Structure formats: C-alpha cells, structure tokens
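Here the structure comes first, spelled out in structure tokens, and everything after it is commentary.
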Amino acid sequence: MKPLHIVHTEASCGWGGQELRILSEASGMIARGHRVTLLCPPEARIHSEAPGFGVPVEALPIGRKKLRGARALRAWLRHHRPDVVNTHSSTDAWLVALAGLGRDDAPPMVRTRHISAPTPTNDLTRWLYTRATDFIVTTGEKLREELITRNGYPPGMIESVPTGIDIARFHPGDPAESRKRLGLAEAGRVLGIVATLRDWKGHLYLFEACARLQQEDWRLLVVGDGPMATVLAARAEELGIADRVVFVGHREDPENWLRALDIFCLPSYANEGVPQALVQAMLTALPIITTPVGSITEAVEPDHSALVVESRSGPALESALRRLFGDPALAARLGAAARERALSRFTREAMLDRMERIFAATVSGHAARR
C-alpha cells in the first residue's frame with residue numbers, strides 16, 4: 001500500500017478510551033510506514049500524552065466551535081496537504097468541515113463515532129455526516145445500525161471497527177504474584193473496575209452492590225481518575241465500605257492491575273461502543289459482569305463469555321457477584337470463553353488492517369470524484 005499522510009483531529013480535552021484509541025491507532029499506522037499527525041488543543045491531555053506513543057502532535061485552537069479554529073485548520077491543511085483527515089469529536093468534525101468549504105483540494109474526511117449517544121437528526125448534522133464526511137466509522141455495530149435506522153444515513157458509507165487491543169500486553173497471569181508485585185494483600189477476592197470516573201460508568205451501582213456483600217471477603221480496586229472521584233470516595237464512606245474500596249487512580253499499566261483481579265465489573269448505563277477496558281479484561285481471561293449498553297453485547301455473549309445484568313441496578317450486580325462467588329467453575333468458563341472471543345475479534349492488528357483499508361479506499365474514492 002502507498003504510504004499515506006493521515007491526520008487525526010481531537011477537540012476533546014478529556015482522557016479515556018477515545019483518546020487511547022486515537023493514539024494506539026496512530027502509532028500502529030506509523031509502524032506500518034504511514035505518516036501520521038495529531039491536531040488538538042494545546043491544553044488537551046492527549047497533546048501531552050502523544051509523544052509517549054511516538055505520535056507527532058501539533059497544537060491548534062480547536063477546542064471550541066469558533067471561527068478561529070476553522071481558520072487555523074484551513075491554513076494548516078492547505079500548507080501540509082494530508083491525504084485524509086480522521087475526526088473524532090463533534091467540535092473538530094464541524095471545524096474540519098468548515099475548513100474545507102469552497103476548497104477543491106480539501107482532503108477527504110473520515111468521521112469516527114466512539115460513543116452510543118444519539119446523533120442529532122437535523123439537516124445541518126445530516127449535511128455534516130453525509131456531505132462533508134466521506135466515510136463514517138463506528139466503534140460498534142449497534143452504533144452503525146442506529147445511524148442507518150434512526151438517522152437514515154447510507155449503509156455503504158458506514159463501517160463498524162471496534163477498538164483492537166495489544167494481545168502481547170494483555171494476557172492472563174498469576175493473581176497472587178500480581179498482587180504481591182503491586183503491594184496488595186493476597187488473601188480474599190479482588191473485584192475491579194477499570195474506567196474513567198464518570199457517572200455513566202456505573203461505579204455508584206457497583207458500590208451499592210458491594211455494600212450488600214459486607215459478610216463476604218472482598219476488596220474492590222477502582223482503577224482510573226476523573227470528575228466523579230470526590231463523589232465516589234464520599235459514597236464509599238456513606239455505605240460503610242471505604243476500608244474495602246481502593247482508589248488507585250489513573251495507571252499506565254492497567255494490564256498489571258487486571259491480572260490482580262478475580263472478577264472484572266463494568267456496569268455502564270450509557271455512551272458505550274465496545275469499551276477498551278472490557279476487551280482488556282476479556283484478554284486477561286477474567287470473569288466479567290457488565291450491562292447490555294451500547295455495543296457491549298457485541299463483545300461479550302450473555303452467560304457464555306460474561307454475566308450481563310440490568311443497568312442502573314445494584315441488586316442485579318449483587319446477584320451476579322454472589323453467583324460468581326459461589327461457582328468458581330462458572331467463573332473459569334466465562335473467563336476462558338471471553339479470552340477466546342477477544343482473540344478472534346478484537347486484536348489491534350485487525351483494527352489496523354480495517355482502518356488502513358478504509359483510509360486507502362476513502363482517498364482513492366475522493367480522488368476519483370474530483
């Protein structure tokens with residue numbers, strides 16, 4: 001394949017699975033011989049993280065839907081002339097679209113939708129997605145289906161490409177050894193959630209479930225940071241479980257913390273594609289408790305590779321935890337099936353293969369239409 005110059009734009013200043021997907025994909029494309037540049041606001045977390053992934057990054061004022069940002073993008077794109085631009089949030093998608101207005105030499109745009117929040121159905125948004133955008137990528141098939149059925153977008157211009165995970169990094173290990181290395185007590189069951197501390201990740205419902213299990217021997221590792229940190233710490237105190245909940249903050253080595261777990265929980269109730277932490281837990285061969293939100297059930301099969309429970313329900317989570325506590329054979333079967341499924345569907349190389357093909361086809365199709 002002819003090497004491409006791929007530009008990623010990201011207006012968000014947050015940090016989570018979306019930003020990690022961008023950097024993982026970008027670094028993978030660089031390793032395959034493509035030139036990749038990330039454009040983002042200077043204050044964005046991804047701006048400071050990109051060098052650690054080996055991804056070239058430039059700061060532009062694109063954090064808000066302002067004319068200044070569109071002008072900056074227009075000038076940058078005219079000067080550097082990339083082959084394709086991949087946008088990731090609403091703001092940068094609009095700015096790239098505006099930057100290309102009236103330009104015959106504007107690069108084609110691929111729009112990646114990472115979350116399951118509904119896309120507006122107004123005429124302007126339809127123009128953005130079906131006229132200004134050349135191709136749409138979603139991180140789950142259900143997200144793709146919604147754009148087709150609810151928004152009426154052409155099926156041929158949308159493809160689902162779940163985030164792929166590095167199988168050399170995420171794999172099963174010895175929980176006792178991992179706990180020892182991390183300075184954790186080795187006795188008792190260790191539950192865990194790896195997620196940005198946002199309300200819709202469902203931490204509060206998991207805390208409620210754990211509070212109903214006071215008589216059991218367990219600890220809960222909360223891996224991640226975010227705006228709900230103070231609220232969650234206070235809620236753990238209120239429920240009387242603060243001594244069993246360990247807030248470990250953001251970690252650059254989630255694989256080590258996953259290998260320390262007995263059970264992984266992700267009780268999200270909104271805004272999910274195929275969550276990266278879920279696939280990471282699958283590759284670690286952990287028994288998983290999660291919810292049927294977004295494209296989660298495209299990753300795991302209920303009662304085969306995970307226990308899938310009602311969202312926003314502490315009692316449902318409690319019941320699933322008790323089930324796994326009482327049936328180690330079931331836990332082992334779920335974990336093994338989860339790993340097998342992840343290996344067959346959600347590897348990083350598979351993601352890179354599909355995105356490389358989409359970028360090449362988009363560039364070729366755009367050139368043919370000019």
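Read-outs: derived from the displayed coordinates by stated rules, not from any lab. Given the structure is predicted, the values throughout are model-derived calculations rather than measurements. Note: ideal-geometry Cβ built from the backbone for every residue, glycine included; neighbour counts use all protein chains shown.
Rounded to the nearest 10 degrees, the angle from helix 229-238 to the longest Cα principal axis of the chain is 20 degrees. Put simply, when 267-277, 188-198 are sorted by average Cβ atoms within 10 angstrom per residue, most first, you get 267-277, 188-198. Taking 7 Å steps out from each Cα toward its Cβ at ARG35 and ARG323 produces label points 5.4 nm apart. With R₀ set to 45 Å, the beta-carbon distance separating GLU216 from ASP104 gives a calculated FRET efficiency near 0.10.
If you wrap region 314-357 in the convex hull of its Cα atoms and look at it from every side, the mean projected area works out to 4.3 nm². Computed over neighbours whose Cβ is under 10 Å from that of GLU159, the net charge equals +2, Lys and Arg +1, Asp and Glu -1. Amide H contacts of THR138 (H built 1.01 Å from N, in plane; Pro and chain starts excluded): ARG113, GLU159, SER160, VAL161 sit under 5 Å, all sequence-distant by 5 or more or on other chains.
For region 113-262, the equivalent ellipsoid derived from the alpha-carbon gyration tensor has semi-axes of 39, 20, 12 Å in decreasing order.
Ignoring aspartates and glutamates fewer than eight residues from LYS201 along the same chain, the ones with Cα atoms less than 14 angstrom from its Cα are ASP225, GLU272, GLU310. Taken over region 1-85, the alpha-carbon convex hull comes to 82 cubic angstrom per residue. Full extension of the chain between ARG71 and ARG126 gives 17.5 nm of extra length, using 0.36 nm per residue less the Cα-Cα distance.
Calculated on the alpha-carbon coordinates, the convex hull of the chain measures out at 135 cubic angstrom per residue. The charge dipole of the chain, taken about its Cα centre with unit charges on the Cβ of Lys, Arg, Asp and Glu (plus for the first two, minus for the last two), comes to roughly 1260 debye. Computed on the Cα atoms alone, the convex hull of region 175-345 gives a volume of 102 cubic angstrom per residue.
Its residue count N fixes a reference of 2.2 N^0.38 Å for region 267-354, and the Cα radius of gyration divided by that reference is 1.07. Charge dipole (Cα centre; +1 on Lys/Arg Cβ, -1 on Asp/Glu Cβ; no other charges) of region 175-345 amounts to roughly 200 debye. Given +1 at the Cβ of Lys and Arg, -1 at the Cβ of Asp and Glu and no other charges, the dipole of region 181-254 around its Cα centre is 120 debye to the nearest 20.
Computed 3J(HN,Hα) for region 280-287, one whole-Hz value per residue from the Karplus formula 6.51 cos²θ - 1.76 cosθ + 1.60 where θ = phi - 60°, is 4, 5, 4, 5, 7, 6, 8, x, glycine and proline marked x.
Shown in residue order for region 206-223 are the 3J(HN,Hα) couplings computed by the Karplus curve 6.51 cos²θ - 1.76 cosθ + 1.60 at θ = phi - 60°: 5, 4, 4, 5, 5, 5, 7, 10, 4, 6, 8, 9, 8, 9, 10, 8, 9, 9 Hz (x for Gly and Pro). Backbone phi angles across region 72-88, fed through the Karplus curve with coefficients 6.51, -1.76 and 1.60 (θ = phi - 60°), yield HN-Hα couplings of 5, 5, 4, 5, 5, 5, 5, 6, 9, 6, x, 7, 7, 10, 10, 9, 10 Hz in residue order; Gly and Pro are listed as x.
Dipole orientation for the chain: of the candidates SER311, VAL161, THR291, VAL161 has the Cα lying most toward the positive pole (charges on Cβ; Lys, Arg +1; Asp, Glu -1).
Distant-in-sequence amide contacts of VAL245, defined by a placed amide H-H separation under 5 Å and a gap of 5 or more residues or a different chain, comprise LEU220. Projecting the Cα atoms of LEU128, LEU220, GLY28 onto the charge dipole of the chain, computed from C-beta unit charges around the Cα centre, puts LEU128 farthest toward the positive end. Around the amide H of VAL57, modelled in the peptide plane, lie the amide H atoms of LEU38, all under 5 Å away and 5 or more residues distant in sequence or on another chain.
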